[in-house]
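Trainee: Starting off with a structure, shown below.
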Amino acid sequence: MKTRDKILFSSLELFNERGERNVTTNHIAAHLAISPGNLYYHFRNKSDIIYEIFLEYEALVDYYLRIPDDRLLTLEDLAFYLESVFDGLWSYRFLHRDLEFLLDSDGRLRVRYRDFTNRCLGAINTIFAKMGEAGIIQGQPEELRSAMSLNVWLVITNWMAFLRTAHASENGPSLSLTELKQGIYQVLTLEIPYLTPGFREDVMALREKYRPRLPEPAV
C-alpha cells in the first residue's frame, strides 16, 4: 500500500475511533510512524485528508445505489440497498457524527455533500418508483415519492445521532454496527402504509430482523 493510501486508511480508523476533532495530523503521522513532513508531502492539511476520505465514501454509496434498469426490483435488492448503505455509514461513521462541523469547516466539502445528498435523494426516489413497478408498494405521485425519499434520508443520516444521544449509555455514547443497522427497521416502517397485500408479509418479516432493542429511557 502506498504511503498516501496508508494515510487515508489510518486517518479513517483514527477519526472513527476518537472523533475527527480529537485527531491531529501529528497523531496520524505518529500512528503511521512517519514524519509530519512526509504526511504534508501527500496532504497539505487535515481538511484535505477528510475531503479525500469523503470522496471514497461518496463513490462507495454511488456504487451501492446503482439501480437495475433491465428488470424489476426485488426484495433482495431492497435488503441489499439498506444493508449496504448502513455498512457505509458504519465504515465512515465519523463523517455523520461530526457532519455539521465538517461542512462548516470546508466549503469544498459543503458543496460536494450537497450534491451527494441530492443524488442520493434521486436514487431513493427511483427505488420507490421501481418498488411501485414491481408491485411491492402502491404507485405514488412524484410529490409523495419525493417526500418519502426525504423522510428515508433523514432517518438514515440521523439514526446514529439518535442512538448517541437519546439512548447513550452511562459509559458514554458507544455504538455497534448491529445497533446502527436497527435503523433499517425505521426505514421499512415508513413504507408500511404503502405496501401491497402480496408483499406485506415478506416486507414485515424483513423489517422484524432489524427490530431495535433499545433500553427504556430514564424517567
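Each reported figure results from applying straightforward, stated rules to the coordinates on display, with no laboratory input. Keep in mind the model is a prediction, meaning the values are calculated, not measured. A quick note on method: Cβ atoms are made from the backbone with ideal geometry, for glycine too, and the neighbour counts reach across all protein chains shown.
Trainee: Identify, among 14, 91, 141, the residue whose Cα sits farthest towards the positive end of the charge dipole of the chain, taking +1 on the Cβ of Lys and Arg and -1 on the Cβ of Asp and Glu, with the dipole about the Cα centre.
Mentor: 14
Trainee: Another question, then. Angle check, please: helix 46-64 long axis (alpha carbons) against the longest principal axis of the chain (alpha carbons), in degrees 0 to 90, nearest 10.
Mentor: 30
Trainee: Compute the helix-to-body angle for 3-18: its Cα long axis versus the longest principal axis of the chain, expressed 0 to 90° and rounded to tens.
Mentor: With both axes taken from Cα atoms, the answer is about 70 degrees.
Trainee: What does the net charge come to around residue 58 if you take all other residues with beta carbon closer than 13 Å to its beta carbon, with K and R at +1 and D and E at -1?
Mentor: Its environment carries a net charge of 0.
Trainee: Same structure again: With only Lys, Arg, Asp and Glu charged, each at its Cβ (+1 for the first two, -1 for the last two), find how big the charge dipole of the chain is about the Cα centre; round to the nearest 20 debye.
Mentor: The dipole of the chain has a size of about 500 debye.
Trainee: Can you sort 78, 150, 180, 39 by how many other beta carbons sit within 10 Å, fewest first?
Mentor: Ascending Cβ contact count within 10 Å gives the list 150, 180, 78, 39.
Trainee: Choose one of 60, 125, 205: the residue whose Cα lies farthest towards the positive end of the charge dipole of the chain (beta-carbon charges +1 Lys, Arg; -1 Asp, Glu; about the Cα centre).
Mentor: Of the candidates, 60 comes out farthest on the positive side.
Trainee: Now a separate question. Roughly how big is segment 1-87's charge dipole about its Cα centre, with Cβ charges of +1 (Lys, Arg) and -1 (Asp, Glu), in debye to the nearest 20?
Mentor: 660
Trainee: On a 0 to 90° scale, report how tilted helix 75-91 is relative to the longest principal axis of the chain, with both axes built from alpha carbons and the result rounded to the nearest 10.
Mentor: Around 20 degrees separate the two axes.
Trainee: I'd like to compare 108-120, 181-193: which one has the highest average count of other Cβ atoms within 10 Å, and what's the full order after that?
Mentor: 181-193, 108-120
Trainee: With each run of n ≥ 4 DSSP H residues scored as -39500 (n - 2.57), what mean residue ellipticity at 222 nm is computed for the chain after dividing by its residue count and rounding to the nearest 500 deg cm²/dmol?
Mentor: -22500 deg cm²/dmol, from helical runs alone.
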